[in-house]
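Please read the structure below before turning to the comments.
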Amino acid sequence: MYKKIIVPVDLSATDKGEKILEKAKALLDPDGEIVLINIVEELPGYMAIDLPVDLIENAIKDAKAKLADLKARSGFKGSHEIRSGAPAREIIAAAEEHKADLIIIASHTPDFTNYFIGATADRVVRHAKCSVLVDR
């Protein structure tokens, strides 16, 4: 059983988020805590100049509402937070800050681009200092 589990959720695939959240609840120690997170990716400067100023702010507001809804529907014990930056880096940072002993992350079927830049789950597995469970 794990005392602190980080569950990063891609809000464009909440069905996968719900699935890994159920796994986290099953692996959680009775007095443990789940930290549900979502990462809003920052835009490179060359792209941001052509987009509305409030795009990131609106994405953060939308993510907060969706995470709160997911938490309410799942009824888990713990917290949720929104982070901004590169997903793998922020997931690993969250695990270190919360002193997590497990990260449960959903993975997608790799496509051609994963061979050049690598998937978020791949990066988390390679660099996390705690155990990582990847759900396919």
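Observations
- Annotation: of all residues in region 90-102 being assigned to a helix (DSSP H, G or I) and in contact with a strand residue (DSSP E or B) (Cβ under 9 Å, 6 or more places away or on another chain), the one that is surrounded by the fewest Cβ atoms within 10 Å (Cβ to Cβ) is 93.
- Listed by first and then second residue, the pairs with beta-carbon distance under 7 Å, at least 6 apart or on different chains, first residue in region 118-136 and part of a loop (DSSP other than H, G, I, E, B), second charged (D, E, K, R), are 129/96; 130/101.
- Failed item, numbered, when residue 86 is tested on (1) touching a residue at least 40 places away in the same chain (Cβ under 8 Å); (2) within 29 Å of residue 31 (Cβ to Cβ); (3) among the aliphatic types (A, V, I, L, M): (2)
Every read-out reported here was derived from the displayed coordinates using simple, explicitly stated rules and does not represent laboratory data. Being a predicted model, the structure only gives us computed values, none of them experimental. All Cβ positions, even for glycine, are placed from backbone atoms using ideal geometry, and neighbour counts span all protein chains on display.
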